[in-house]
Amino acid sequence: MPTRLSVLAVLSLVVAPALAAGEHGHDHAKGPNGGTIADAGRYHLELVARGPAIEIFVTGEDAAAPVPSEGFKGTLIVIVDGKPARIALAPAGANRLAGTAAAPLPAKPKGAVQLIGPDGATANGKFN
């Protein structure tokens, strides 16, 4: 009889590839604002970087309905000059959060974001 550890190991081999493709089992193309899309719980996030300026556009699960950014806050962690940088995100109108990096970022930065919604619930996304 397999032990719990071996069952978990087998499950991780089956589940890991699906998670690598995104929470909903699919990859996303370029977003409507030209950025990279990531799943974050019940939201889709689009990361747009222009120099040191960062914008995160928030839409619903359908990736079409804008979610008002009022009451949200977040943190984006990206690699800048080989070191992790934390960038605070705050509402910046409509369905957009914004922040500024200490140095210009590449057009498609890689990193992770954590959002805290107006209800206190957190959502995490990863940009590859």
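The values are calculated or read from the model by the stated rules, or taken from the named source; none is laboratory data. These numbers were taken from a predicted model, which means no experiment stands behind them. Cβ coordinates were reconstructed from backbone atoms using ideal geometry, including for glycine residues, and neighbour counts include every protein chain displayed. Side chains are part of the model used for accessible areas, which takes the heavy atoms of the whole protein and leaves out ligands, DNA and RNA. Shrake-Rupley method; radii C 1.70, N 1.55, O 1.52, S 1.80 Å.
Summary of computed values
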quantity: Using distinct alpha-carbon pairs, which all enter the 1/r mean, Kirkwood radius of segment 73-112 in Å; calculated: 10.7 Å
quantity: Phi-based couplings in Hz for segment 112-128 (Karplus 6.51, -1.76, 1.60; Gly and Pro marked x); calculated: 9, 10, 10, 10, 10, x, x, 8, x, 6, 9, 9, 10, x, 10, 9, 9
quantity: Rounded percent of accessible protein surface that carbon and sulfur make up, segment 59-99, 1.4 Å probe; calculated: 56 percent
quantity: Backbone HN-Hα couplings from phi across segment 32-40 [Karplus 6.51/-1.76/1.60, Hz, Gly and Pro as x]; calculated: x, 9, x, x, 8, 9, 9, 7, 9
quantity: Extension gain from ASN128 to LYS30, taking 0.36 nm per residue of separation minus the Cα-Cα distance; calculated: 34.1 nm
quantity: Two-site label geometry, ILE79 and THR100: point separation in nm, points 7 Å out along Cα→Cβ; calculated: 2.6 nm
quantity: Distance in nm between pseudo-label sites at ASP119 and ARG50 (7 Å out along the Cβ direction from Cα); calculated: 3.3 nm
quantity: Computed P(r) (all Cα pairs; segment 26-128; 5 Å bins; percent); calculated: 3, 14, 27, 28, 18, 8, 2, 0
quantity: Label zone at LYS108 (point 7 Å along Cα-to-Cβ), backbone N below 14 Å, segment 47-76; calculated: 47-49
quantity: Heavy-atom accessible area per residue - segment 44-128, 1.4 Å, Å²; calculated: 52 Å²
